[in-house]
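*Asks:* Just dropping this structure here.
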Amino acid sequence: MQEITGLRVIADRYDAFIVDVWGVLHDGTKPYDGVLPTLQALQQAGKPVLLLSNAARRSESVTPHLAGIGVPRALYRDMLTSGDETWRGLKTRGHVDALPFYRDLGRRGFVIGAGRDPGFFDALDIERVEDPAASDFILANSLVRPGMTPADFEDVMQAARGNGAAFICANPDLVVVYAGKLEYCPGSLAARYEELGGSVMYHGKPYAPVYARALAMLGDPDPRRVLCVGDSLRTDIAGADGAGLDSLLLAGGIHKEEFLRMDGTADAPAMIAAAEKQGVRPTWLACRLDW
């Protein structure tokens, strides 16, 4: 684990980049300083960037949002979200060639947090129900609005669990940084559902299938020359480790309270200690995504 001052120091070692979105490119409202020049520099060097996000929305819904807060679509090759993977899973529901979880899944779903991507349910053969006790599965896309916690959904999860419903987590993140504050994500609900003894299907980072698809979308480059950039030890760095890819851990995102000093610089010893405690090993460390 080595600290670097900017991506330019190591860019020549890599042919392609898999980059997290929230907490790396932006804070939910605007891009971080240094992000746009970095994406521009990688583009000019002919190094493709794939954005890999645990957003529960499909990428076709996220890209306009990114453009709206100042990250133009022209600055990256493609995007893949956990919402894309969730949609694909639900699209195969009931098919003989689907994963066992989806092959045997009923069609009645209780949805938590669907409002930000209304087109998500287009072409899906599911029936949305209003009573979790009458559902075959819970689909968690978000916690509906800022400030909500898993405790706000305890009654829903208890009712669904009592009915033997499965749980689909379209965003495995536990928390995210929004405008400088931590907000809960569906991963926190999924963890509680597992505590209740329920069956959970996770889509996105750190799980292997999303990395296989990301590499395929990049044209199957040599994995030894692909760098993953992220701010979460649990998802970004653990996912890269599991996929056999190098990674760059940034201090200014989800772990900023631990990893950023008062003067705004990265606390590399704290980052290393936290990574070792988590059982992961980022290749590189930096304060933020900068060139």
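*Asks:* Quick one: net charge around residue 272, please, counting Lys, Arg +1 and Asp, Glu -1 for every other residue with C-beta under 14 Å from its C-beta. Don't skip to the answer; put the middle values down first.
*Replies:* Values: positive: 277, 281; negative: 3, 258, 267, 276.
My count for the surroundings of residue 272 gives -2.
*Asks:* Relative contact order, percent, of the stretch 198-291 when contacts are C-alpha pairs under 8 Å separated by at least 6 residues? Don't skip to the answer; put the middle values down first.
*Replies:* On the way: 136 pairs, mean separation 23.7, N = 94.
Answer for the stretch 198-291 is 25 percent.
*Asks:* Looking at the stretch 173-291, what % of its DSSP beta bridges pair antiparallel, to the nearest 5? Write out the running numbers ahead of the final one.
*Replies:* Numbers: 5 of 12 bridges.
Roughly 40 percent of the DSSP beta bridges within the stretch 173-291 come out antiparallel.
*Asks:* Something else about it: Among DSSP beta bridges whose residues both lie in the stretch 79-205, state the antiparallel percentage, nearest 5. List each step's numbers first, then the result.
*Replies:* Details: 4 of 17 bridges.
In the stretch 79-205, approximately 25 percent of DSSP beta bridges are antiparallel ones.
*Asks:* Take every DSSP beta bridge with both residues inside the chain and express the antiparallel ones as a percent of the total, to the nearest 5. Let's see the in-between values first.
*Replies:* Numbers: 6 of 40 bridges.
In the chain, approximately 15 percent of DSSP beta bridges are antiparallel ones.
*Asks:* Most mobile of 123, 190, 140 per a Gaussian network model of the chain (Cα springs, under 10 Å)?
*Replies:* Result: 123 has the largest fluctuation of those listed.
*Asks:* Cβ neighbours within 10 Å, averaged per peptide: list 260-267, 168-175, 19-26 in order, most packed at the top. Kindly include the intermediate steps, with their values, before the conclusion.
*Replies:* Details: 260-267: 13.2, 168-175: 26.1, 19-26: 23.2.
Averaged packing, sorted descending, gives the order 168-175, 19-26, 260-267.
*Asks:* Shifting gears a bit: Taking only C-alpha pairs under 8 Å that are 6+ residues apart, what is the relative contact order of the chain in percent?
*Replies:* With pairs under 8 Å counted, the relative contact order is 22 percent.
*Asks:* Let me ask another. I want to check the label-to-label distance for residue 65 and residue 212. Put each point 7 Å from Cα in the C-beta direction and report it in nm to one decimal.
*Replies:* Label-label distance for residue 65 and residue 212, simple model: 2.7 nm.
*Asks:* Also, I was wondering about something else. Could you calculate the contour length gain from residue 45 to residue 129, that is, 0.36 nm times the residue separation minus the distance between their Cα atoms, to one decimal place in nm? The partial results should precede the final answer.
*Replies:* Numbers: separation 84, 0.36 × 84 = 30.24 nm, distance 4.98 nm.
Extra length from residue 45 to residue 129 when fully extended: 25.3 nm.
*Asks:* For the chain, with a Gaussian network of springs between Cα atoms less than 10 Å apart, report the residue from 47, 30, 277 with the top mean-square fluctuation.
*Replies:* Checking each option, the largest mean-square fluctuation is seen for 277.
*Asks:* In addition: Return one whole number: the accessible area per residue of the chain in Å², for a 1.4 Å probe. Don't jump to the answer; show the numbers that get you there.
*Replies:* Numbers: 12690 Å² over 291 residues.
With all protein chains present, the chain gives 44 Å² per residue.
*Asks:* Grab the DSSP H runs of the chain that are 4 residues or longer, score each as -39,500 (n - 2.57), total them, divide by all residues and round the 222 nm result to the nearest 500 deg cm²/dmol.
*Replies:* Values: 10 runs with 84 residues, N = 291.
So the calculated ellipticity at 222 nm is -8000 deg cm²/dmol.
*Asks:* I've got another one for you. FRET efficiency for residue 13 and residue 277, Cβ-Cβ distance as r, R0 = 25 Å, nearest 0.05?
*Replies:* For residue 13 and residue 277, the calculated efficiency is 0.40.
*Asks:* Using Cα springs under 10 Å in a Gaussian network model of the chain, which residue among 152, 78, 15 shows the largest mean-square fluctuation?
*Replies:* For the chain, modelled as a Gaussian network with Cα springs under 10 Å, the answer is 152.
*Asks:* Given a 1.4 Å probe and every protein chain left where it sits, what share in percent of the accessible area of the chain is carbon and sulfur?
*Replies:* Details: 6310 of 12690 Å².
Here it works out to 50 percent.
The values are calculated or read from the model by the stated rules, or taken from the named source; none is laboratory data. Keep in mind that what you see is a predicted model, and the values were worked out from it rather than measured. Glycine also receives a Cβ, built like all others from the backbone with ideal geometry; neighbour counts cover every protein chain displayed. These area figures cover heavy atoms from the full protein model, side chains too; ligands, DNA and RNA do not enter into them. Shrake-Rupley method; radii C 1.70, N 1.55, O 1.52, S 1.80 Å.
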